[in-house]
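The values are calculated or read from the model by the stated rules, or taken from the named source; none is laboratory data. Computed from a prediction, not measured in an experiment: that's the story for all the values here. Neighbour counts are summed over all protein chains in view; Cβ atoms, including those assigned to glycine, are modelled from backbone coordinates with ideal geometry. Quick note on the areas: whole protein, heavy atoms, side chains included, nothing else; ligands and nucleic acids left out. Shrake-Rupley method; radii C 1.70, N 1.55, O 1.52, S 1.80 Å.
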Amino acid sequence: MKIGKRTMGLLLLVCLLVGPVLVLSAGAQGESGTTAGGDDIIIVKAVLGEHASSPIDPDAPVYQEITRKTGIKLDIEAIPDSDFRTKRNLLLATNQVPDILEMGLAQAQDFADSGAIAPLMDLIDEYAPNAKALVESEPEVRKVILDGELWYMPVWDLRKKMNAPVPNIRRDLLEDNGLEMPDTFDDLYEVLKRLKEIYPSSMPWTTRGGTKNLLNRSAYPMGMGYNIHYNKDTNGGAWVYGTIRPEFKDILVFFNKLYTEKLLDPDFAINTADQWHQKLGSGKSFFYYDNMTFAVNYTLALRTDKPDATFWPVPVMENPKGQRNNFFYPRHHVQNGYAIGANSDYPERIMEMFNWMLSPEGYSITNWGIEGVHYTREEYLFSGAPEIMYSYDGDKGGYEVLPEIIAEYKNASDPQRAMRSTIGTGLLQFTICTDQKPIYYYDPPIVDDWYAQLNDDPGMLEFVREPVFTVDERELLKKYKTEVDIILLPALDRFIIGTLPLSDFDSIAQQAVDAGALEIEKIYNQAEARSK
């Protein structure tokens, strides 16, 4: 059933204009006090991933306000993103999930049937009318329901400018040295080679998150995506395990050439996010293929010494097949969210808190902070204009960060993330209904041109979500992916740095096929066919 704008508008009115939810004590034990309304305060353990640019402070104003409004004191264990996946999977695999665990669709597919996390549908039906409206009415949310059950509360984005992991380059250095903006990946190689000649101590292309992140961002635009991905140019559109395809060898040849000629950061496989930021913000590196918005911070940092320094998104480049392809980020973060541990003593209270976070009051606090202290507003957001769900409208609702708050963080290396980290607001903290407007406050005027270029580029493609799998399919995928990764992941590093000859690619690819790579393709395409 197609959901039109009017239906989506009604959803938002239900989701965000329902009054704040009364939080009941529900016979909770271990309380540490009471709220202003007399409800027992309970302590709830939450394990969250922590982005290096936005540390989580459990004593930030928003977390204190959550306690005051809902009676839940969050005992937050914030684990750096570099270690979080390993720790999360260990908690899931050993059935030690805390009251709340940040996770998403991938983990739900792997652990939904393990008994480690609680099914949420019955809790939503009884305790969360706002969440129920979202689940029942919005197609994006329904895509993360497995066998009729929801295993985590998905995150929803509002007032979001469409962004993407794209190539970004120092445009000022191109202009200084008479170089053209690259139009193909061959052009990119020549430009990076020339910049290395001019600036011999540089490492032109740097990345974060190791080989997986490098290839996950750039391989599909180069002609064949990394691991399992949706490829619109294969059989009219199909899921493809790209890493085993012959074309992928050409991509590895390209990166091996960059590495050998010192055009690729020699530490590409081990860079932390902080090291990556430092290299781009100090002028050591000139190019990256990742979230476009980080270029704001690098540009501002570089301009303290070079006033015309400017990172700029490279228009989608032509690959050797003559294609120009690059995916946007998803419109919403529904593939990520918050699970409730199966052994939690407080599932009802936690669901009531989630429901409050989807109310006007909860939305306002978790995205903007304390009214009159951090922000002002003229009215609650979404009293109308339902189309705002998919478009940016900076004035709707009259929400504005106070000028003194903006001024307080303007000199930070990453102002908007520093602001939200200190207050406790937004996507990288603990929200469900995420308003993206605050992230744009510190953007210089050129950023409007970046977004315009991105959205006008015919090579930019709508993100394609994974289909929903059956229980049996999920078990098979878990088995096959583990066995294939054991073969491919270490080999990819070695191919790029040259310790494994590229002549071994066909042999490694065949080992991955024997381990189940093509079976992964088959399962994905069967599930995709069912979804249609």
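Can you tell me how much longer the chain between Asp443 and Lys193 gets when fully stretched, taken as 0.36 nm per residue apart minus their C-alpha distance, in nm with one decimal?
Taking 0.36 nm per residue and subtracting the Cα distance, the gain is 86.9 nm.
Take Lys262 and Tyr329, extend 7 Å from each Cα along the Cα→Cβ direction, and tell me the distance between the two endpoints in nm.
Reported label-point gap for Lys262 and Tyr329 is 3.5 nm.
Dividing the convex hull volume of the alpha carbon atoms of segment 192-342 by its residue count, what do you get in Å³ per residue?
Here the figure is 166 Å³ per residue.
Applying a 10 Å radius around every beta-carbon, put 127-135, 264-272 in order of their mean neighbour count, most first.
Taking the mean over residues of other Cβ atoms within 10 Å, the ranking is 127-135, 264-272.
Quick one: in segment 119-159, what % of C-alpha pairs are over 11 Å apart?
The answer is 63 percent, as a whole percent.
At a 1.4 Å probe, what is the % contribution of carbon and sulfur to the accessible area of the chain?
The value for the chain is 51 percent carbon and sulfur by accessible area.
Hey, can you rank 144-154, 456-466 by average C-beta count inside 10 Å, highest first?
Per-residue Cβ counts within 10 Å, averaged per peptide and sorted highest first, yield 144-154, 456-466.
Cut-off 20 Å, label point 7 angstrom out along Cα-to-Cβ of Val464: give me the residues of segment 133-162 whose amide nitrogen falls inside.
Counting only backbone N, you get 139-145.
So with the 1.4 Å probe, I'd like the accessible area per residue for the chain, rounded to whole Å².
With all protein chains present, the chain gives 41 Å² per residue.
If you keep only loop residues by DSSP, which GluC sites (Glu not before Pro) in segment 342-380 have at most 12 other Cβ atoms within 10 Å of their Cβ?
Glu378, Glu379
Which percentage, to the nearest 5, of the DSSP beta bridges contained in the chain is antiparallel?
Bridges in the chain are about 55 percent antiparallel.
With 28 Å as the limit, write out which pairs from Lys132/Lys232; Lys212/Lys522; Lys249/Lys306; Lys196/Lys410; Lys160/Lys232 have Cα-Cα distances beyond it, or answer none.
Violating the 28 Å Cα-Cα cut-off are Lys132/Lys232; Lys249/Lys306; Lys196/Lys410.
Packing-wise, with mean Cβ within 10 Å as the measure, how do 305-315, 95-105 rank, highest first?
95-105, 305-315
Under the rule of -39500 (n - 2.57) per DSSP H run of 4 or more residues, summed and divided by the residues of the chain, what mean residue ellipticity at 222 nm is obtained, to the nearest 500 deg cm²/dmol?
-13000 deg cm²/dmol
How big is the accessible area of Met203 in square angstrom, nearest 10, if you roll a 1.4 angstrom probe over the protein chains?
Number for this one is 30 Å².
Relative to the longest principal axis of the chain, what angle (0 to 90°, nearest 10) does the C-alpha long axis of helix 273-282 take?
So the inclination is approximately 60 degrees.
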